Amino acid sequence: MALTPGARLGPYEILSALGAGGMGEVYRARDTKLGREVALKMLLSTDSSSLEMERFRRESRAAAKLKHPNIVPIYETGTEAGRAFFTMEFVKGHSLERRMPELTMRRRLEIVRDVARALEFAHGEGVVHRDIKPSNVVLSEDGH
């Protein structure tokens, strides 16, 4: 069930779709309580006993404990209308995949270094990211 702009999920108003993967959908949303934009990741499955639901919950709990300059912070986790979700900081920018053609080799290496530092930190906290790829790396408008 894809959400459309204007739809509500608890206090979140959907603004636009950002992407989808095998496990979930990601939306740009407005937190109506705090008046800020967030990225909202929602699990596709509504089966609360599913392996996907448990994996999604583990992912959100693990990510929420990470505090690093190159890791997007998690704000909230929850369930609404049988759908598990979590919200995180919305980073205004584009994926590395989209920006790659315009980047110099030096800049690409700097980004790889920053991603490696974030992964090293996460691994030190016992968190393993199992889906590192250019489409999952976001570069902010200011290049971070």
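Of note, residue 53 does not satisfy the criterion of being touching a Lys or Arg at 6+ places or on another chain (Cβ under 8 Å) and either under 30 Å from residue 121 (Cα atoms) or at pLDDT below 90 (or both).
One line per residue, one yes/no per condition, for (1) surrounded by 11 or more Cβ atoms within 10 Å (Cβ to Cβ); (2) farther than 16 Å from residue 68 by Cβ; (3) among the aliphatic types (A, V, I, L, M):
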site	(1), (2), (3)
97	yes, yes, no
110	yes, yes, no
124	no, no, no
128	no, no, yes
137	yes, no, yes
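Of the residues making up the range 37-55, those that are over 27 Å from residue 111 (Cα atoms) and either touching a Leu at 6+ places or on another chain (Cβ under 6 Å) or charged (D, E, K, R) (or both) are 47, 52, 54, 55.
Within the range 99-131, being of a type in the set (A, V, I, L, M, F, W, C), within 21 Å of residue 56 (Cβ to Cβ) and not in a helix (DSSP H, G or I) holds for 127, 128. Contact list please: Cβ distance under 7 Å, first residue in the range 110-131 and modelled with pLDDT of 95 or more and of a type in the set (Val, Ile, Thr), second residue part of a helix (DSSP H, G or I) and open to solvent by less than 70 Å² (accessible area, probe 1.4 Å), pairs at least six apart or on different chains. Hits for this filter: 111/96.
The C-beta contact set for the range 60-74 (first residue open to solvent by 60 Å² or more (accessible area, probe 1.4 Å), second residue at pLDDT below 95 and among the hydroxyl-bearing types (Ser, Thr, Tyr), distance under 8 angstrom, 6+ apart or interchain) comprises 61/77.
Test residue 87 against the criterion of being open to solvent by 70 Å² or more (accessible area, probe 1.4 Å) and of a type in the set (S, T, N, Q), and give yes or no. When the stated conditions are applied, residue 87 does not pass them.
The values are calculated or read from the model by the stated rules, or taken from the named source; none is laboratory data. Remember, predicted model here, so these are calculated numbers, not experimental data. Note that each Cβ is placed from the backbone with ideal geometry, even for glycine, and that neighbours are counted across all protein chains shown. Just so you know, the surface numbers come from the protein's heavy atoms only, side chains and all, with ligands and any DNA or RNA stripped out. Shrake-Rupley method; radii C 1.70, N 1.55, O 1.52, S 1.80 Å.
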